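The structure under discussion appears below in the form of C-alpha cells.
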C-alpha cells in the first residue's frame with residue numbers, strides 16, 4: 001500500500017517528532033490530541049525546536065493539528081495511523097476501538113509504545129486489524145535517531161507489514177529492525193542493560209563520574225556523553241521508570257535484575273529534584289551562584305558537588321577496544337566488565353529474541369549511536385580471546401557455545417559475499433534491504449586497498465566499480481594522511497575504476513582540518529609547514545574537482561570547515577537529510593584556505609541577481625563566511641549554495657553509498673570534467689562597505705577587535721586582493737590568496753588564543 005496520508009494521535013515529544021519526520025518526507029499528516037490547542041502548541045514546539053525537527057520551516061504546513069473528539073474522522077482516508085498517547089493500556093484500547101470503527105480496510109495502525117507488549121495491545125482487536133497492527137518504536141529525537149524498531153507478532157500479515165518496513169526505510173529514512181514481541185525489543189533491551197552495567201560497575205570500582213564517562217565514551221566507540229552524562233540527558237527520573245518496566249516484564253532469571261534494581265543514590269537525586277538536565281542537574285549541574293557558570297560534578301560517595309575537571313586517562317581519542325582492554329589498571333578493568341557483561345547478555349538473546357545477531361548490532365548503532373554493536377566488538381576482540389578472559393562463574397550463553405563448537409567466527413566470506421553465523425542455519429548470506437550498500441559489511445568481508453591511520457580506501461561493487469575513501473580520525477578531522485588517501489584514490493581510479501565515493505559510517509562526515517596540527521605548527525612558528533599542508537590540500541581537491549571521472553561525496557552529520565571544502569569540490573554531492581554544512585573558520589580567527597572561499601565565489605558567480613556585479617558577489621560571500629553560516633539541512637544548504645541544484649538529498653543514511661553508486665553509473669559513460677573557473681572581483685572598491693559592516697558589528701558588540709581584523713582579511717580575500725575589475729583571476733590565484741591570508745592570520749596571537757580556547761572548551765572565544 002502506498003502511504004500518502006498519516007494520522008498521529010498524541011502530540012507529546014514522540015508524537016510531535018514522528019509527525020515532523022513524516023512532514024520532512026513531504027507527506028501530509030494530521031496531529032491529534034485531546035484538544036486542538038494542545039496539538040497546535042505542539043506544532044509551535046516543533047517550529048521552535050533545537051536542534052530543529054523540521055528540515056525546513058515550510059514543512060510545518062504539512063502538519064494539520066486537531067482534536068480526538070472533533071477530528072478523528074480524518075483517519076477515514078489515512079493510510080497509516082500512529083498512536084503515541086500515554087502508556088496506559090485502558091486509554092490505548094479505547095482509542096483502538098475508535099480507530100477500528102473509522103479506518104479504511106488495510107490501513108496500517110501502530111503504537112509507539114516502548115513498554116507494553118504487542119500481545120497485550122492486540123488482545124481485544126478485530127482479526128483484520130491484528131493483521132496490520134504493529135509497534136513502530138521510534139527513538140528520540142525522531143529526525144536524528146536512525147533506528148525504527150518494528151515489532152510484529154504471529155497474527156500479522158507479513159506481506160502487508162513489509163510495505164510499512166519499506167516506507168520506514170526509503171521514505172522516512174530509518175534503519176528498520178524487525179523485532180519479535182519481547183520486553184524492550186532489541187535496542188532498549190541491550191542498550192539500557194549496558195547503561196546500567198556501566199553505572200553499577202563505576203560505583204563498584206569507585207570511579208568518579210568524569211573517569212567513568214572518559215572510559216565509557218569515545219575509546220569504546222560510544223558517544224562522548226559517557227554514562228553519567230547520558231543519564232542526565234535522558235532524565236534520571238525517566239530512566240527510573242524505564243527500569244521499573246523492565247523489572248516488571250522480565251523473568252526473575254534475567255540478568256537485567258542484577259543491574260536494574262533501585263539504587264539509593266538515584267532515589268535521592270530524584271527526591272531532591274536532581275532529575276538531569278531538565279531539572280536542577282543530576283550527576284552534573286551548572287552552578288551559577290557566584291554569577292559565573294561553573295560546571296560541577298557529583299561525588300556520589302558523600303553526595304557533594306565539586307567543580308568538574310577534565311581527566312586525562314591517556315585513552316585513545318578514537319575507538320580502540322583492544323588498547324583499552326589491555327590496560328592493566330582500573331580503567332581497563334572497568335571497560336572489560338562493561339563489554340563482557342553486555343556481550344554475554346546480547347548473546348543470551350540469540351535465537352529466542354532474535355535469530356539475527358546483526359539486528360542487535362544495528363539497534364545499538366542506530367538507536368544508541370555506538371560505533372560498533374556488541375557482536376562487532378566481540379569480533380574485534382576475537383572469540384577465543386574473549387572466552388579466555390571469562391571467569392569460571394561467567395555463564396556462557398548457548399549461542400556462544402555453539403559458535404565456539406562449530407566455527408569460532410561470527411562472519412564468513414564465501415564467493416566474495418559476506419555471511420553471518422545463524423544459530424539454525426550455520427552461515428547464511430548477510431541480508432540488507434534491496435539496493436543498500438553497507439560500508440560496514442564491506443569492511444567485514446574485505447581488506448582495504450590502501451590504508452593509513454587516518455583514512456582507508458575500499459572497493460565498492462555496485463552498479464559501477466568505484467573506490468570509497470573513508471576517514472576515521474577523531475570527528476574525522478582532516479590531516480596530511482587523509483589527503484594522501486584522497487590522492488591515492490585519484491591515482492587508482494585514473495587507472496581502472498569508474499569513480500570515487502567519499503563516505504563513512506561515523507556520526508560526522510568531517511568537522512574540518514585538525515586544529516591541533518595548526519596550533520602546534522603556529523606556536524613553533526612553522527608557517528612554511530602550514531603553507532605546504534594547505535597547498536597540498538588545495539591541489540588534491542582541485543584534482544578531484546576537475547577529474548575526468550565522477551567523484552561523489554556523501555556528507556552526513558557535520559561537514560563543516562575543511563570537511564565542507566572537501567565535499568564542495570567534488571563532482572556531485574549526495575547529502576543525508578541530517579547533514580550540517582558550512583564554513584566556520586572565522587570562529588577560530590581564520591578564513592577557509594582549502595578552496596572554500598574560491599568555491600563559494602564560484603558558486604554564487606552565476607546567480608542571476610549578482611551575475612554582473614562583482615561587488616554584490618563579494619559582499620554575499622563575505623556575509624556567508626564572515627558570520628560562519630551553517631545550514632542544518634540540505635534544503636537550507638541549497639539556499640546558501642552550499643549545495644547546488646544538481647546535488648541530491650537522501651533521507652536514509654543507509655542509502656548514501658547506493659545513491660553515489662547510481663550517480664557514478666549514470667554519469668561515467670559521457671562524463672566531462674569540470675572546467676576551471678575564472679572570476680573578476682572588484683578589489684578595493686568594495687572594501688569600504690565591508691569595513692563599515694565590521695565597524696557596525698563591533699559597535700553592537702557582536703564581534704570584538706580581532707573579529708574586525710579577521711573580517712578585514714576575509715574581505716580582502718573575497719574582493720580579490722590587489723585586483724581590479726579588468727583583471728581575470730584563476731582558481732590558482734584564489735588558492736594562493738587564501739593561503740597568504742590564512743598564514744597572516746595564524747601568525748597573530750589573538751587567532752592562536754581563539755584556536756587554543758576552542759580546543760580546550762569546544763566554544764569560540766570573543767576577542
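Of note:
- Single match in 663, 635, 693 (criterion: touching a residue at least 40 places away in the same chain (Cβ under 8 Å), assigned to a helix (DSSP H, G or I), out of contact with any helix residue (DSSP H, G or I) (no Cβ under 8 Å at 6 or more places or on another chain) and surrounded by fewer than 20 Cβ atoms within 10 Å (Cβ to Cβ)): 635
- Taken over segment 713-735, the criterion of being assigned to a helix (DSSP H, G or I) and surrounded by fewer than 15 Cβ atoms within 10 Å (Cβ to Cβ) is satisfied by 732 alone.
- Of all the listed residues (263, 250), the sole one being surrounded by fewer than 20 Cβ atoms within 10 Å (Cβ to Cβ), touching a residue at least 12 places away in the same chain (Cβ under 8 Å), farther than 22 Å from residue 366 by Cβ and in contact with a helix residue (DSSP H, G or I) (Cβ under 6 Å, 6 or more places away or on another chain) is 250.
- When residue 742 is tested against (1) crowded, with 21+ Cβ neighbours inside 10 Å; (2) assigned by TED's automatic domain parsing to the domain that holds residue 504, only condition (2) is not met.
- The listed residue being under 22 Å from residue 636 (Cα atoms) and surrounded by 23 or more Cβ atoms within 10 Å (Cβ to Cβ), out of 84, 42, 25, 20: 20
Rundown of residues vs (1) in a helix (DSSP H, G or I); (2) touching a residue at least 60 places away in the same chain (Cβ under 8 Å); (3) touching a strand residue (DSSP E or B) at 6+ places or on another chain (Cβ under 6 Å), yes/no style:
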{"residue": "160", "(1), (2), (3)": "yes, yes, no"}
{"residue": "164", "(1), (2), (3)": "yes, yes, yes"}
{"residue": "214", "(1), (2), (3)": "yes, yes, no"}
{"residue": "231", "(1), (2), (3)": "yes, no, no"}
{"residue": "237", "(1), (2), (3)": "yes, no, no"}
{"residue": "254", "(1), (2), (3)": "no, no, no"}
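- Residue match in segment 173-187 (condition: surrounded by 23 or more Cβ atoms within 10 Å (Cβ to Cβ) and assigned to a helix (DSSP H, G or I)): yes
- If you go through segment 447-469 and keep only what is in contact (Cβ under 8 Å) with a residue 24 or more places away in the chain and assigned to a loop (DSSP other than H, G, I, E, B), you end up with 449, 452, 453, 454, 462, 463, 464.
- Inspection of segment 605-612 identifies no residue that is in contact (Cβ under 8 Å) with a residue 24 or more places away in the chain and crowded, with 21+ Cβ neighbours inside 10 Å.
- Considering segment 641-660, the residues that are in contact (Cβ under 8 Å) with a residue 12 or more places away in the chain and assigned to a loop (DSSP other than H, G, I, E, B) include one that is surrounded by the fewest Cβ atoms within 10 Å (Cβ to Cβ), namely 646.
- Any hit, segment 578-601, residues being over 27 Å from the mean Cα position of the chain (by Cα) and part of a helix (DSSP H, G or I): yes
- Tally, over segment 195-212, of residues that are over 24 Å from the mean Cα position of the chain (by Cα) and part of a helix (DSSP H, G or I): 10
- So residue 57, is it exposed (fewer than 14 other Cβ atoms within 10 Å of the Cβ), within 26 Å of the chain's Cα centre (by Cα) and either within 20 Å of residue 179 (Cβ to Cβ) or in the same structural domain as residue 138 (by TED's automatic domain parsing) (or both): yes
- Of all the listed residues (506, 547, 559, 575), the sole one being crowded, with 24+ Cβ neighbours inside 10 Å and either in a loop (DSSP other than H, G, I, E, B) or in contact (Cβ under 8 Å) with a residue 60 or more places away in the chain (or both) is 575.
- When we screen 337, 297 for residues that are part of a strand (DSSP E or B), assigned by TED's automatic domain parsing to the domain that holds residue 388 and in contact with a helix residue (DSSP H, G or I) (Cβ under 7 Å, 6 or more places away or on another chain), the only hit is 297.
- Residue check for residue 115: out of contact with any strand residue (DSSP E or B) (no Cβ under 9 Å at 6 or more places or on another chain) and over 29 Å from residue 50 (Cβ atoms): no
- The residues in segment 436-446 that are at pLDDT 95 or above and not in a helix (DSSP H, G or I) can be counted, and the count is 3.
- Number of residues in segment 280-296 that are out of contact with any strand residue (DSSP E or B) (no Cβ under 9 Å at 6 or more places or on another chain) and touching a residue at least 24 places away in the same chain (Cβ under 8 Å) equals 0.
- If the condition is being crowded, with 16+ Cβ neighbours inside 10 Å and in contact (Cβ under 8 Å) with a residue 24 or more places away in the chain, then segment 410-420 contributes 410, 411, 418, 420.
- Test: residue in segment 465-486 that is surrounded by fewer than 17 Cβ atoms within 10 Å (Cβ to Cβ), within 14 Å of residue 502 (Cα to Cα) and more than 24 Å from the chain's Cα centre (by Cα): yes
- The set of residues in segment 331-357 being modelled with pLDDT under 95, surrounded by fewer than 21 Cβ atoms within 10 Å (Cβ to Cβ) and farther than 19 Å from residue 395 by Cα consists of 355, 356.
- Looking only at residues in segment 522-538 that are in a helix (DSSP H, G or I) and free of Cβ contacts under 8 Å to residues at least 12 places away in the same chain, the one that is farthest from the chain's Cα centre (by Cα) is 528.
The values are calculated or read from the model by the stated rules, or taken from the named source; none is laboratory data. Since the model is a prediction, treat every value here as computed from it, not as a measurement. Here Cβ is always computed from backbone atoms with ideal geometry, including for glycine, and neighbour counts include all displayed protein chains.
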